[in-house]
1. Please verify whether Ala64 is aliphatic (A, V, I, L, M), over 19 Å from Thr99 (Cα atoms) and outside any strand (DSSP E or B), treating the condition exactly as stated.
2. Does any residue of region 30-40 turn out to be surrounded by 15 or more Cβ atoms within 10 Å (Cβ to Cβ) and either in contact with an Asp or Glu (Cβ under 7 Å, 6 or more places away or on another chain) or outside any strand (DSSP E or B) (or both)?
3. Which residue is modelled with the highest pLDDT, if the candidates are limited to region 113-143 and must be of a type in the set (S, T, N, Q) and closer than 25 Å to Ile202 by Cβ?
4. Could you grab me the full set of residues in region 72-103 that are part of a strand (DSSP E or B), over 12 Å from the mean Cα position of the chain (by Cα) and of a type in the set (Lys, Arg)?
5. Which count do you get for residues in region 104-125 that are part of a loop (DSSP other than H, G, I, E, B) and touching a strand residue (DSSP E or B) at 6+ places or on another chain (Cβ under 8 Å)?
6. Would you be able to say whether some residue in region 194-213 is crowded, with 20+ Cβ neighbours inside 10 Å and in contact with a Gly (Cβ under 9 Å, 6 or more places away or on another chain)?
7. Determine if region 182-197 includes at least one residue that is at pLDDT 95 or above, of a type outside the set (A, V, I, L, M, F, W, C), assigned to a loop (DSSP other than H, G, I, E, B) and under 22 Å from Arg138 (Cα atoms).
8. So which residues in region 214-250 are of a type in the set (Gly, Ala, Ser) and either closer than 19 Å to Asp152 by Cβ or touching a helix residue (DSSP H, G or I) at 6+ places or on another chain (Cβ under 7 Å) (or both), if there are any at all?
Amino acid sequence: MPSWSDFEAAAPALAERVRGHLDAHTHKTLATIRADGSPRISGTESQFVDGELWIGSMPNARKAHDLQRDPRFALHSGSDDPPEWSGDAKLAGVAEEITDPERVREINGGEHVSSHLFRLDLREVSAVGLNDERKAMRGSKVMLLGVAYKKDIDDVRESPALSIIDRLRAKGADVSYHDPFVKEVTFDDAHTEGGGGPLKSIQLTDEALRKADCLIIVTDHSSIDYQRVCSLTPLIVDTRNALNGDLRKSSSARIIRL
């Protein structure tokens with residue numbers, strides 16, 4: 001699973017937004033799994049050090065014992081109350097406990113040498129905010145541009161596209177995608193919220209672009225004609241900084257950069 005630095009290198013704009021939400025508040029919410037399989041919610045703090053995302057806990061805390069037994073976690077950023085609310089960050093993955101006393105002292109502080117220290121490896125990362133268009137998600141046509149983990153390859157392992165598709169489907173969106181390298185995507189047991197059926201890549205025709213209520217650039221493949229995309233799509237969410245300044249200025253589309 002990717003570390004924070006791996007995720008930041010792959011999706012710098014999204015990483016910046018997520019980090020901003022995490023840094024905006026000291027206290028976050030951590031979900032762990034109890035011994036009986038039920039969820040536990042705890043308060044926690046997080047910090048970025050040496051390209052990694054870390055959390056700590058007091059000695060023998062229940063959340064620490066949860067992570068020692070089952071390292072899966074979910075982390076939610078702190079939130080403002082409306083109308084000041086600007087969005088949240090949500091992360092999930094696996095926590096690795098670091099027991100080296102010097103490293104624990106360095107990250108947690110010298111007075112907390114007996115505390116627990118966990119480095120977070122990430123499987124899912126997302127940032128949520130208001131729908132400025134005020135258009136209902138249910139029934140909206142959403143196209144993903146690229147589903148591969150990196151540009152110009154056919155590997156979808158660890159790609160955020162699978163979670164994006166799954167969650168959009170769960171909210172009732174009509175989801176499609178185009179990827180010149182990935183002809184079909186299937187979903188494992190971790191991506192069944194939205195139904196889990198496979199999807200096949202569609203052709204990037206002018207008609208398909210015009211019909212899309214929103215287009216999300218997930219992978220910035222080199223072969224895509226982004227000027228054509230910008231001229232035909234009303235709303236574009238660019239998670240990879242694929243659209244340069246000239247394209248953004250000349251486009252009539254509303255462009256959101258994450």
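The values are calculated or read from the model by the stated rules, or taken from the named source; none is laboratory data. Treat the numbers as computed from the prediction; the structure is a model and nothing was measured. Note that we place each Cβ from the backbone using ideal geometry, even for glycine, and neighbour counts take in every protein chain shown.
1. Working: aliphatic (A, V, I, L, M): yes; over 19 Å from Thr99 (Cα atoms): no; outside any strand (DSSP E or B): yes.
The answer is no for Ala64.
2. Filtering region 30-40 for residues surrounded by 15 or more Cβ atoms within 10 Å (Cβ to Cβ) gives 30-33.
Restricting the remaining residues to those that are either in contact with an Asp or Glu (Cβ under 7 Å, 6 or more places away or on another chain) or outside any strand (DSSP E or B) (or both) gives 32-33.
Within region 30-40 (the criterion being surrounded by 15 or more Cβ atoms within 10 Å (Cβ to Cβ) and either in contact with an Asp or Glu (Cβ under 7 Å, 6 or more places away or on another chain) or outside any strand (DSSP E or B) (or both)), the answer is yes, since at least one residue qualifies.
3. Among those that are of a type in the set (S, T, N, Q) and closer than 25 Å to Ile202 by Cβ, it is Ser140.
4. The one that is part of a strand (DSSP E or B), over 12 Å from the mean Cα position of the chain (by Cα) and of a type in the set (Lys, Arg): Arg72.
5. Here is the first cut: in region 104-125, the ones part of a loop (DSSP other than H, G, I, E, B) are 109, 113-115.
Next cut, touching a strand residue (DSSP E or B) at 6+ places or on another chain (Cβ under 8 Å) only: 115.
The qualifying residues number 1.
6. Looking for residues that are crowded, with 20+ Cβ neighbours inside 10 Å and in contact with a Gly (Cβ under 9 Å, 6 or more places away or on another chain), one finds none in region 194-213, hence no.
7. Within region 182-197 (the criterion being at pLDDT 95 or above, of a type outside the set (A, V, I, L, M, F, W, C), assigned to a loop (DSSP other than H, G, I, E, B) and under 22 Å from Arg138 (Cα atoms)), the answer is no, since none of the residues qualifies.
8. Going through region 214-250, the residues of a type in the set (Gly, Ala, Ser) turn out to be 222-223, 231, 242, 245, 250.
Ser222, Ser223, Ala242, listed by residue number.
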